[in-house]
1. What are the lysines whose alpha-carbon lies under 26 Å from the alpha-carbon of Lys62, with same-chain residues fewer than 8 places away excluded?
2. What are the aspartates and glutamates whose alpha-carbon lies under 15 Å from the alpha-carbon of Lys53, with same-chain residues fewer than 8 places away excluded?
3. Just reorder Phe66, Phe71 by solvent-accessible area, largest first, 1.4 Å probe, all chains present.
4. Below 8 Å, C-alpha to C-alpha, sequence gap of six or more: please give me the relative contact order for the chain in percent.
5. Quick check: at a probe of 1.4 Å, how many percent of the accessible area of the range 1-85 sits on carbon and sulfur atoms?
6. If you take semi-axes √(5λ) of the Cα gyration tensor in Å from the coordinates, which of (1) 34, 19, 9; (2) 29, 20, 13; (3) 22, 16, 13 do you get?
7. Might you tell me the accessible area per residue for the chain, computed with a 1.4 Å probe and given in Å²?
Amino acid sequence: MFASVINEIEFAFKDKDAEDVDNNLKELKTIIERYLPVRSRVAVVEAIYDDDKLIVSGAVQKTLAFREDLFVDVYDQRGNLVEEISLKGSSSGLFTEVISRGFDSGVYVTQL
């Protein structure tokens, strides 16, 4: 994952494609934010599925008020990742996202 994005950045530099470099740098930042940091925070996540809509909402306890990127993963009962949701939390820590998508029958878990 990291390697492919870094390779794309290198190719874009060689091609002198500033827009492609910028897009790939944004992607690299997202990947770093998502997979590298380990944070200790208190959060509440609620997931409701109704009529082919997944509603994910909740709150993250914060000591500083600022908007931040949040990532919610949805796993099926076999532990397979079935949906990755990136969203922007409010400065107070609240977030809500509605995903229009059908899911197979079964048990699912959301993880912030």
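1. Lys26, Lys29, Lys88
2. Glu83, Glu84, Glu97, Asp104
3. Numbers: Phe66 95, Phe71 30 Å².
Ranking Phe66, Phe71 by accessible area, largest first, yields Phe66, Phe71.
4. Values: 160 pairs, mean separation 25.5, N = 112.
Result for the chain is 23 percent.
5. Whole-percent figure for carbon plus sulfur exposure: 52.
6. (2)
7. Working: 7850 Å² over 112 residues.
Each residue of the chain exposes 70 Å² on average to a 1.4 Å probe.
The values are calculated or read from the model by the stated rules, or taken from the named source; none is laboratory data. In this text the structure is predicted, and so the values were computed from the model without any measurement. These accessible areas exclude ligands, DNA and RNA; they are computed on the full protein's heavy atoms, side chains included. Shrake-Rupley method; radii C 1.70, N 1.55, O 1.52, S 1.80 Å.
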